[in-house]
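Following: one structure in structure tokens, then a few remarks.
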Amino acid sequence: MFLRLVADSFTRRPRRKVLTAAALSLRMAVVTAALSVSLDVGDRLASEFRSLGANLLVTPEADSLPLDIGGVDYRPVNAGAYLPEADLPKIKTVFWHNNIIGFAPILGLSVRGVSHAGDDEKGLGEDRGSWPQVSLIGTWANHPVRLADQTTWNTGINQTNPWWHVVKGRWFSNAGWECVVGKNLARERGAFQNGRRVFSGIPIGDNFVIDRGPSAPPLFLKAVGILDSGGPEDDAVIVPIAIAQQFANRPGQYRQLYVSALSKPEDDFARRDPATMKPAELERWMCSPYISSIAASIKEVLPGTDVRVIRRVAEGEGTILRRVRALLWMVTFAALLAAALAVGASSAASVIERRTEIGLMKALGAGSGTVGFLLAAEQLLLAFVGGGIGYSLGIILARLVGQKIFGVAPAPSLLVLTAVLALAAGVTLVGSAIPLHRASRYEPAPILRGE
Amino acid sequence: MMSAAGSKNRQMFWRIVRRLLVANRGRLLVILLALGAGAAVTAALLNLQVDAKRRITTEFRTLGANVIVSPRGADAAAGRPTLDEAVLESIPKQWEGAPVRAVPFVYYVGHVRRMVREFTPPERVVLVGTRIDALHAVAPGWKLEPSTPLPLTLQVNRCIVGARVASKLQTALRDNLEVGILPSAVLPDGREKDYPGAFGRIAGVVTTGGSEDDQVFIELSALQKLAAEDFAFPLDRVNLIQVSVPGAPQAVERFISELSRTLPNVNVRGIRQMTEGEGKIYSRISGLLTATVLIVLLLTGLCVMAAMTNVAMERRNDVGLMKAIGGATRRVFRLFLAEAALLGLAGGLMGAAAGMVLSIWLGKQVFGVAAQPRPIVYPVAVALTVIVAILSAYPLRRLASVRPASVFRGEA
């Protein structure tokens, strides 16, 4: 009898019920979209922040102080400590390896060089001695790294410093005798000193020739691309790290390593010194992708290094992420509240509308509990149908919004589905409970008389 | 006669509207609540959105300087080029209503040694001359200990040492250092010549995670004086000026082009790392904010629409009666539209006021600074609510099809 009554109420006025369910699902769709986007936004923004570049810097632990001005190290090549390049793939074995989205070793030095068309070595001797100092930056670009699971993964300076654009040509291949020339060097034609042309610019296709003194033949590097970085690198020559190593006579070694890692904004807990933590706290710290715990895990696999958090990037990122997240959660909460009000109001109205029916049922001897139960079952059924349809509509809406804003659609999550269904059920019940409570006090007779 | 009838009509019209409004207090409350809540959230978000975009761009400056003024690199081959310190005065102090901070920098490779009890051997470091008190303006992300450098005294120069320099020299706050550009050298006649450095007292230790950890910062004038003594280098020259320009990426672009126009002899460029990254993040965040305002407006509309549907259901009898005694459908409509507009106005006026207060509180919660109430937001929010209320009266359209006879017969 109970089920028949519920079924009857749905089949007798289908248009009315469809309308109510449609309104409910529209609201739930908006809520789903708001929730999915806000849940996703932290991750999305965190990866956007990686366009600010690396947030970790790895240097040798026992190093003399670098004399770094504008990206050029003024120490002689034989001063200071170096790190082995062969250890680098280990970075992708740390606990947070999925959060590490790129790294690039750097070996920079100052060389004397000249632009030179063709392979002709004649004429070099005349200019020797008057060539300017050019900084040579050895690094990786799209460098394949062999991972433990036998797959290869490409990384390099183009990932850690996404604002370095190769405006013409391409990045060097890591094995070749090739180089990428900073845009100022490529353009700088006809600088004269004592009436002689000392530097003529290195257009694509030219050779950049490094002078190695009287004892060794010069190195010929083919310029394959022009770099626009907007920084001091525009005056430098970028080469595969192997070439810089050969020139510095430091095979297989590097001086600095930039790591770009996705991290969770630091809170007060993250700022505590891990040495003072209790074991349970330490475990929680290690298992949260704070930038400091990622740094600690990298230090573990690269012995003899000093892994530092680049505060300028990490701090700014943390503050902005926290603010934006707080803002979005408040907005999402407001959206939930507005939706709850709407759903509650309409389910209250649908109960008020059926006062005569309630009166009749009571006149026939139904208790307030039975009537309430019947209406609640009806509302719940409506809530689940409306919530379910609303969820699927909302996922489509969230995809559109996500695609429009971030270019990536948020993945449908079970959490959102549960939250949406719970919200729909809870709000319809609360909304109908208030008029039901009032209805329970009605005397059937006046209602049936239409008063 | 005509006018008397017209005024009677109008009187009657408003009387009916009044009765419609107060007939069912509960329903009135629900609709007003829906409209008011919508208006409140809309007003709060609109106000916050205007404010949030500005605040977010201010937050970006936690990342530090985003514009660099440097000498034209023509004489790059002959040592590091310099520019006149007077350039600093030509940089505007304000840009589009927000303060611009500019700090000059001079770099030299020099040495420091600790002077506690005896001298330690000199350590080669990069010496940075700058304005120590202004450092925080272009580099808020740096960790300074103590957070404000110790104050200047007449006798000694103050310096801030990078964290790694401090640990290398094993120095602490308030220790005395000797800072010089050239270490002592052997003169041709065999005697050791001591190039006197300047005395400095450590006023702070800086941790940045970058190359600044390996540098020693001293007051600009002190380093310029040293350079002048050692190299006969002209005073009042700096290597570069770091500028922190708040504002949306477009505003920063405008600043750069304006400054390069007023200072044709120097090179003004954005730090690409910052400008490009910020541009991307800013467009995402402002997109998000716009999307959220749209979502809330949509929800408000749906909310009011639901309330109005109920009105339509409830009013079947009234409409039937009105039609039966000769009310034209159009007049009946006007009646309900007037009701909706009045409701929208009332809900909007109350809700938007609440929303403005809400946005001040929200701004405080999110950004730590109360959002500025913008007067323009209030009428906009009220107008939006009225429009939403009138649009939501769309379900009342169904009343046109009400047939008085069937209503009176009690047919559904």
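Per residue of peptide A:18-26, the mean number of Cβ atoms on other chains within 10 Å of the residue Cβ is 2. Note on B:Val357/B:Asp236: beta-carbon distance plugged into 1/(1 + (r/R0)^6) with R0 of 60 Å gives a FRET efficiency of 0.70. Rounded, prolate or oblate: which one fits the stretch A:201-328, using the alpha carbon gyration tensor with axes a ≥ b ≥ c (rounded when a/c is under 1.5, else prolate when a/b beats b/c, else oblate)? In terms of gyration-tensor shape, oblate. The ranking of B:Val388, A:Val259, A:Val111 from fewest to most other beta carbons within 10 Å of each one's beta carbon is A:Val111, A:Val259, B:Val388. Here the spin labels are modelled as points 7 Å beyond Cα on the Cα-Cβ line, and at A:Ala175 and A:Thr152 they lie 0.8 nm apart. What you get for the protein assembly as shown, charging only the Cβ of Lys and Arg (+1) and of Asp and Glu (-1), is a dipole of about 5500 debye around the Cα centre. Rounded to the nearest 20 debye, the dipole size of the stretch A:292-450 about its Cα centre is 340 debye, using +1 on the Cβ of Lys and Arg and -1 on the Cβ of Asp and Glu. Label separation (A:Leu360 vs A:Glu443): 2.2 nm, computed from points 7 Å beyond Cα along the C-beta direction.
Taking 0.36 nm per residue of separation and subtracting the current Cα-Cα distance, fully stretching the chain between A:Tyr74 and A:Phe95 would add 3.9 nm.
With an a/c value of 1.5 or above and a/b larger than b/c for the gyration tensor axes a ≥ b ≥ c computed over the alpha-carbon atoms, the stretch A:346-403 is described as prolate.
Here the peptides A:151-157, A:313-319 are ranked by packing, the mean other Cβ count within 10 Å, and the order with the highest first is A:313-319, A:151-157. Given a Förster distance of 60 angstrom, what is the FRET efficiency for B:Leu294 paired with B:Ser7, based on the Cβ-Cβ distance and rounded to 0.05? Efficiency at R0 = 60 Å is approximately 0.85.
Here r is the Cβ-Cβ distance between A:Ser368 and B:Arg18 and R0 is 30 Å; the resulting FRET efficiency, rounded to 0.05, is 0.25.
Sorting the segments B:43-53, A:290-300 by their residues' average number of neighbouring beta-carbon atoms within 10 angstrom, most packed first, yields B:43-53, A:290-300. Considering only B:Ser359, B:Gly129, A:Pro66, the residue lying farthest towards the positive end of the dipole of the protein assembly as shown is B:Ser359, judged by Cα position with unit charges set on Cβ. Where a ≥ b ≥ c are the square roots of the eigenvalues of the C-alpha gyration tensor, would you call the protein assembly as shown rounded, which needs a/c under 1.5, or, failing that, prolate if a/b is larger than b/c, or oblate? Prolate shape, in that a/c is at least 1.5 and a/b is the bigger ratio. Extension gain, B:Arg117 to B:Arg72, is 11.6 nm, computed as 0.36 nm per intervening residue step minus the present C-alpha separation. Per-residue mean of foreign Cβ neighbours for B:275-286 is 5 (Cβ atoms of other chains, 10 Å radius). The alpha carbon centroids of the stretch B:309-374 and the stretch A:20-49 are separated by 27 Å.
Each peptide in B:339-348, B:356-365 receives the mean, over its residues, of other Cβ atoms within 10 Å, and ordering these scores from highest gives B:339-348, B:356-365. Each residue, B:Ala172 and A:Val145, gets one label point 7 Å from its Cα in the Cβ direction; the gap between the two is 4.1 nm. When B:Tyr394, B:Tyr282 are arranged by Cβ crowding within 10 Å, least crowded first, meaning fewest neighbours, the order is B:Tyr394, B:Tyr282.
Compared with the dominant Cα axis of chain A, that is its longest principal axis, helix A:14-49 is turned about 20°. The long axis of helix B:220-231 is offset from the longest Cα principal axis of chain B by roughly 30 degrees. Listed by Cβ neighbour count within 10 Å, with the fewest neighbours leading, B:Phe60, A:Phe333, A:Phe2 appear as A:Phe2, A:Phe333, B:Phe60.
Axis of helix A:414-439 versus longest Cα principal axis of chain A: the two differ by about 30°, to the nearest ten degrees. For the segment B:34-43, counting C-beta atoms of other chains within 10 Å of every residue's C-beta and taking the mean gives 3. Between B:Phe408 and B:Lys143, the contour length at 0.36 nm per residue exceeds the Cα-Cα span by 87.4 nm.
Every read-out reported here was derived from the displayed coordinates using simple, explicitly stated rules and does not represent laboratory data. Here the structure is a predicted model, which means the values were calculated and not measured. Heads up, the Cβs are rebuilt from the backbone with ideal geometry, glycines too, and the neighbour counts pull from every protein chain shown.
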